[in-house]
Amino acid sequence: MKINLIVVGKLKEKFLVDGVAEYLKRLKKFATIEVREVPECRTVEEEGQKILSLVPKDSWLCVLDVAGEPLSSEEFAKKIAAQILYGASNLTFAIGGAFGLSEELRRAASFRLSLSAMTFTHQMARLILVEQIYRAFKINRHEPYHW
């Protein structure tokens, strides 16, 4: 299993860098993880094209989108398990920049996920997403972490 995380911008705050690093380390026992950072661009269209150019051709693509579908942790775990069951060996998660996603990227997505009705910085969303991916693997393996 390979997980690709394609994100706009670099993490700036130490607490975010440390938090993301911790969950990426934990995820390594379940999957190979690759994080690709795209520089912030002048337009969401340009960012969308750069993100799409990094998505492997055979990958299931989930984008974080304020207008996406909200899922509980258990529902998110089932979504990931279903992709694995259907033979996906490559999952890609994309987080746009401060101004959101291009329509082209939204249309290309296999799934559009909303983390919350609340607004988070795209940097904070990275930490929340990697924690939820880790939690999904723990839920799917019936391991203690999520009660």
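Summary table
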read-out	value
Degrees separating the helix 44-54 axis from the principal Cα axis of the chain, which is the longest one	50 degrees
Order of exposure, largest accessible area first, which applies to I133, I139 with probe 1.4 Å	I139, I133
Whole-angstrom Cα spans of the range 71-147 along principal axes, big to small	37, 27, 17
Accessible surface, the chain, averaged per residue in Å² (probe 1.4 Å)	55 Å²
Angle in degrees between helix 73-85 and the longest Cα principal axis of the chain, rounded to the nearest 10	90 degrees
Dipole of the chain, positive end: most advanced residue of F137, M118, V66 [Cβ charges, Cα centre]	F137
Accessible surface of the range 1-118, 1.4 Å probe, proportion on carbon and sulfur as whole %	52 percent
Dipole of the chain, positive direction: furthest Cα of I84, P56, I6, with charges on the beta-carbon	I84
Electrostatic dipole magnitude of the chain [Cβ: Lys, Arg +1; Asp, Glu -1; Cα centre; debye, to 20]	480 debye
Calculated P(r) of the chain - Cα pairs past 21 Å, %	39 percent
Whole-number D in µm²/s for the range 31-70 (Stokes-Einstein; Kirkwood sum over Cα pairs; 37 °C, 0.692 mPa s)	273 µm²/s
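The values are calculated or read from the model by the stated rules, or taken from the named source; none is laboratory data. Note that the structure is a prediction, hence the values are computed from the model and not measured. A quick note on method: Cβ atoms are made from the backbone with ideal geometry, for glycine too, and the neighbour counts reach across all protein chains shown. Remember, those area values only see protein heavy atoms, side chains included, never the ligands or the DNA or RNA. Shrake-Rupley method; radii C 1.70, N 1.55, O 1.52, S 1.80 Å.
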